[in-house]
Amino acid sequence: TKAVPYNPQEALKILNGAGWKDSDKNGILDKTINGKKMELSFTIIEPTQEMMKYLTVFKEDASKAGVDINIKNVEWNSFIKLLDEKNFDAVRLAWGGGGV
C-alpha cells in the first residue's frame, strides 16, 4: 500500500471541487446540503490520553485544509457505550491481542 502524501493544498482543491468553500471566511469549509449550510466539522472520540498529542497534530493539519476537528477524550466505559450506540462522527481503533 502506498502512503498518501501530506498535501493540504491538494486536499483543499479536492474539497473545493466537491463544493466545499469557506463562504463566511471563518477558516472552516461549508456547503449547503438539503437547503442547510453545513460546516465541514466532526468530532473524534478517544479513550486514551496517550493519543491526544497525535490527534492534536492531526487537528492542526486538518485545519490547514479548512476541516474543523473536535477531539473528545472520554473514559473507556463511555467510549464503549458510544461505539455500541454508533453515537460518533469518527473514531480511531486499534485492537491488539495482548502480551505473553
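The values are calculated or read from the model by the stated rules, or taken from the named source; none is laboratory data. Note that the structure is predicted; figures quoted are calculated from it, not measured. Positions of Cβ are backbone-derived with ideal geometry, glycine not excepted, and every protein chain shown enters the neighbour counts. The area values use the complete protein model at the heavy-atom level, side chains included, leaving out ligands, DNA and RNA. Shrake-Rupley method; radii C 1.70, N 1.55, O 1.52, S 1.80 Å.
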Top-ranked residue in the stretch 71-97 [being out of contact with any Phe, Trp or Tyr (no Cβ under 7 Å at 6 or more places or on another chain) and assigned to a strand (DSSP E or B); ranked as farthest from residue 11 (Cα to Cα)]: 73
Could you count how many residues in the stretch 1-42 are under 22 Å from residue 89 (Cβ atoms) and in a helix (DSSP H, G or I)? 6
Selection from the stretch 49-67 of residues that are of a type in the set (D, E, K, R), part of a helix (DSSP H, G or I) and either touching a Leu at 6+ places or on another chain (Cβ under 9 Å) or in contact (Cβ under 8 Å) with a residue 40 or more places away in the chain (or both): 61
List the number of the failed condition for residue 90; all other conditions in (1) in contact (Cβ under 8 Å) with a residue 40 or more places away in the chain; (2) over 11 Å from residue 44 (Cβ atoms) hold. (2)
For the subset of the stretch 1-25 comprising residues that are among the polar types (S, T, N, Q) and farther than 12 Å from residue 66 by Cα, which member is most open to solvent (accessible area, probe 1.4 Å)? 1
Residue satisfying all of: in the stretch 68-81; free of Cβ contacts under 8 Å to residues at least 40 places away in the same chain and within 30 Å of residue 19 (Cβ to Cβ); least open to solvent (accessible area, probe 1.4 Å) among these: 69
Counting only residues that are open to solvent by less than 40 Å² (accessible area, probe 1.4 Å) and farther than 30 Å from residue 76 by Cβ, which one in the stretch 28-65 is modelled with the lowest pLDDT? 65
